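The values are calculated or read from the model by the stated rules, or taken from the named source; none is laboratory data. This one's a predicted model, so the numbers in the text were calculated from it and none came from an experiment. All Cβ positions, even for glycine, are placed from backbone atoms using ideal geometry, and neighbour counts span all protein chains on display. Side chains are part of the model used for accessible areas, which takes the heavy atoms of the whole protein and leaves out ligands, DNA and RNA. Shrake-Rupley method; radii C 1.70, N 1.55, O 1.52, S 1.80 Å.
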Amino acid sequence: METHTLETAGADLVHDVRGPLPTADGRPPLLMIGQPMDAGGFAALAARFPERTVATYDPRGLGRSTRKDGRVDHTPQIQADDVHAVIEALGAGPVEMFASSGGAVTALEVVAKYPADVTTLVAHEPPLITLTPDGRAAVRARDGVREAYEKRGWGAGMAAFVAMTSWQGEFTDAYFAQPDADPAAFGMPTEDDGSRDDPLLSDRSWAVSGYRPDADALAASPTRIVIAVGEESEGVLTGRTSVATAELLGQRAVVFPSHHGGFCDGEFGYPGKPDEFAHRLREVLDGAP
């Protein structure tokens, strides 16, 4: 693996490349992106594509990539420009892309704005909460996570986030009538460490979850777009956003093994099924429905 730093006007973007450029197999590089997950989150999945040249990167302000733009928010539009710059820096033409969570949102903006950059996009569980039928209630639930974080710190905020993302079905009055989620019940710290800059729990990434894809631009793009959803995500928020995103594009979401982090080993807590996930991703990239 080789690590590179791409210096742009707004950020220094660190990206890793596993395998040769130009590629040895004649296929495009496979670029894996997330948000707020950085390149480290794709280590298990990248390792399961030894035959491919795989690139990963840290979004600006996350992981090893430093910002120079004076901002703290995360927007799909700015991140799409960064991903475009990384693709150009790879110098191997358009890429195939696996993008997960907020990275899937960024990827949709990349395809809309830079349609020649990506041949196939597998967008895994984009958290586009305003696309769901209960979009206003989902925004209210997201607001509740930030409120818990602002009032009581990281443990309380993360407990609220887990409660929100594991709720089955639409956000009804029953959801909002629940008592505050107890961080101790999730094995999280109850003490307030004083920080309020977490990109997942603050409002810094609201532009990501509130993004609305340009369906017309995506339809006009030559990119093959596949919206992926984990089999364990049925009924929970990111499963519902995946279905809604696919419907916006006139598709049905393609089912993948495991859950929202199903391509990870156990290093982030709840382990996924990276072997099965990689097998399914390889099938889809090869053209399987």
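Please list, in chain and number order, the residues 5+ apart from ALA11 or on another chain whose amide H is under 5 Å from its amide H, with Hs placed from the backbone.
Those qualifying (amide H under 5 Å, at least 5 residues apart or on another chain) are LYS68.
Keeping the other protein chains in place, figure out the carbon and sulfur percent of the accessible area of the chain, with a 1.4 Å probe.
Taking all protein chains in place, the chain shows 53 percent carbon and sulfur surface.
Pick out which of ALA80, ALA123, ALA92 has the largest mean-square fluctuation in a Gaussian network model of the chain, springs linking Cα atoms closer than 10 Å.
Result for the chain, Cα springs under 10 Å: ALA92 fluctuates most.
What GluC sites (Glu not before Pro) does the range 224-289 have in DSSP loop regions with at most 15 other beta carbons within 10 Å?
Listed in order of number, the matching sites are GLU234.
Return the calculated 222 nm mean residue ellipticity for the chain, to the nearest 500 deg cm²/dmol, obtained by summing -39500 (n - 2.57) across DSSP H runs with n ≥ 4 and dividing by the residue count.
Using -39500 (n - 2.57) per qualifying helix, the result is -10000 deg cm²/dmol.
First measure r as the distance between the Cβ atoms of THR8 and GLU247, then evaluate 1/(1 + (r/R0)^6) with R0 = 30 Å and state the FRET efficiency to the nearest 0.05.
Plugging the Cβ-Cβ distance into 1/(1 + (r/R0)^6) gives 0.30.
What is the spin-label model distance, in nm, from ALA220 to PHE268 if the labels are put 7 Å beyond Cα along the C-beta direction?
Output for this residue pair reads 3.4 nm.
Can you return the aspartates and glutamates within cross-link range of LYS113? Criterion is Cα-Cα under 13 Å, with same-chain partners fewer than 8 residues away left out.
Result set, ordered by chain and number: ASP81, ASP82, ASP214, ASP216.
About the Cα centre of the chain, what is the dipole size in debye to 20, counting +1 per Lys and Arg Cβ and -1 per Asp and Glu Cβ, all else neutral?
The calculated dipole for the chain is roughly 380 debye.
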